[in-house]
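Report on one structure; see the data block that follows.
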Amino acid sequence: MNKIKMELSCPMPKLEFDMITLGHGSGGTLTNQLLASGVFNLLSNEFLDEKHDGAILNINGRMAFSSDSFVISPVFFPGGNIGELAVNGTVNDLAMCGAIPQYLSLSFIIEEGLPMTDFWEILTSIKSACMQAGVQVVTGDTKVVEKGKGDKIFINTSGVGPVHENAHISYRNIKPGDKIILSNQVATHGIAIMSVREGLTFETDITSDTVNLNHTVIKLLDNYGEKIHLLKDPTRGGVATVLNEIARDANVGIDIEDKNIPVDEQVAGACELLGLDPLYVANEGVFIAIVDASVAEAVVALLRQDENAAFASCIGSVTAAHPRQVILTSRIGGTRVVNMLVGEQLPRIC
């Protein structure tokens, strides 16, 4: 039988760079350019075009599916390690879809020479994170590469779970007047990683905020359902980048107040020392919720009762003015445009 060969006409788009750079992994402008001109164009379909943290599939009801890879350096950091980060990251991506995470796949790419004690510590952290999130690892894969061909260990996780019956999470639900709620203090994860790399010491310990958020999100959906219009976790690229993505994809303007953005004092000081804007620093235990204005105060009050959202705050609102732009009002009353992250601020952060 002759094989039928299908030829696809797929000319490569014109890109700003001839080679992949670290900036293409930042989650910011270069990442978005790479995805928009390549992945999303070439592989476009109704699920991928949602550009969300996961896909909502109709398989005996609505099911969410998400996948993520973790290449953080160092693999052990204040407050956690790559193992629990991998579990929490995929659990949180499913939660941002309004789903209840249930099952994970777990795949390792391990560099020859990794101490067995390190691998065991990572495994035990994975088990602990799964128990806290209420998920099970049900399949996976392990590969070992030669020394010098990796960086200790890379982890890929994928996850599935049913979508909460009250969840209707989509950019299409966002409308002018909606309120923007930040669940907790920002920039903690990125600064915890940076402190290890740069040998910085602080008066108090700054530890990563890596944590599962699914239980917190379920409380929101149980109580406010369709009033929760969108959920996003600002990991790579930080809050500023995610807000720009929302403004672009929903074709709305966003106004935020600097005074309402929760930042730990030590983290703010470290950012100032390093010349970093907390809005662009990565997070691992924070989410942004776009909610109907009628429930904004109640959502903040509910979140503040949760140990993983103790500093929840309404930081701004959606507007019909200045579509596709994020405008920040400073503490002294001035305004500035907050653009998407350009380049790579903190490489290998998740």
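The values are calculated or read from the model by the stated rules, or taken from the named source; none is laboratory data. The model shown is predicted, which means the values in this text are computed figures rather than measured ones. Virtual Cβ from ideal backbone geometry, glycine too; neighbours counted across all protein chains shown.
Collect the residues in the range 243-278 that are surrounded by fewer than 16 Cβ atoms within 10 Å (Cβ to Cβ) and over 30 Å from ASP205 (Cα atoms), keeping them in residue-number order.
Across the range 243-278, the qualifying residue is only ASN251.
Out of curiosity, is GLU121 out of contact with any Phe, Trp or Tyr (no Cβ under 8 Å at 6 or more places or on another chain) and outside the structural domain of LEU231 (by TED's automatic domain parsing)? Before the answer, list the steps.
Values: out of contact with any Phe, Trp or Tyr (no Cβ under 8 Å at 6 or more places or on another chain): no; outside the structural domain of LEU231 (by TED's automatic domain parsing): yes.
No, not satisfied.
Could you identify the single residue in THR90, THR124, THR139, THR117 that is in a strand (DSSP E or B), β-branched (Val, Ile, Thr) and out of contact with any helix residue (DSSP H, G or I) (no Cβ under 6 Å at 6 or more places or on another chain)?
Values: THR90 fails: in a strand (DSSP E or B); THR124 fails: in a strand (DSSP E or B); THR117 fails: in a strand (DSSP E or B).
From the options THR90, THR124, THR139, THR117, the qualifying one is THR139.
Kindly indicate whether any position in the range 154-164 is surrounded by fewer than 23 Cβ atoms within 10 Å (Cβ to Cβ), under 16 Å from the mean Cα position of the chain (by Cα) and at pLDDT 95 or above.
There is at least one residue in the range 154-164 that is surrounded by fewer than 23 Cβ atoms within 10 Å (Cβ to Cβ), under 16 Å from the mean Cα position of the chain (by Cα) and at pLDDT 95 or above.
Tell me the residue from VAL71, VAL75 that is farther than 21 Å from GLY54 by Cα, among the β-branched types (Val, Ile, Thr), surrounded by fewer than 24 Cβ atoms within 10 Å (Cβ to Cβ) and touching a Lys or Arg at 6+ places or on another chain (Cβ under 9 Å), please.
Criteria check complete, one pass: VAL75.
Just to be sure I understand, how many residues within the range 107-142 are free of Cβ contacts under 8 Å to residues at least 40 places away in the same chain, more than 29 Å from ALA95 (Cα to Cα) and either touching a Lys or Arg at 6+ places or on another chain (Cβ under 9 Å) or not aliphatic (A, V, I, L, M) (or both)?
The number of residues fulfilling the criteria is 5.
Counting only residues that are more than 21 Å from the chain's Cα centre (by Cα) and touching a residue at least 12 places away in the same chain (Cβ under 8 Å), which one in the range 49-66 is surrounded by the most Cβ atoms within 10 Å (Cβ to Cβ)?
As a first pass, look at the range 49-66 and keep what is more than 21 Å from the chain's Cα centre (by Cα): 58-62.
Filter once more, so that each one left must be touching a residue at least 12 places away in the same chain (Cβ under 8 Å): 61-62.
Values: GLY61: 9, ARG62: 17.
Here the answer is ARG62.
From the list GLY253, GLY269, pick out the single residue that is over 20 Å from the mean Cα position of the chain (by Cα), of a type outside the set (Ser, Thr, Tyr) and more than 20 Å from ASP209 (Cα to Cα).
GLY253
Tell me which residues, restricted to the range 290-336, are over 22 Å from the mean Cα position of the chain (by Cα) and of a type in the set (Val, Ile, Thr).
VAL295, THR319, THR329, ILE332, THR335
What number of residues in the range 34-65 are in contact with a Cys (Cβ under 9 Å, 6 or more places away or on another chain) and among the aromatic types (Phe, Trp, Tyr)?
Within the range 34-65, residues that are in contact with a Cys (Cβ under 9 Å, 6 or more places away or on another chain) and among the aromatic types (Phe, Trp, Tyr) number 1.
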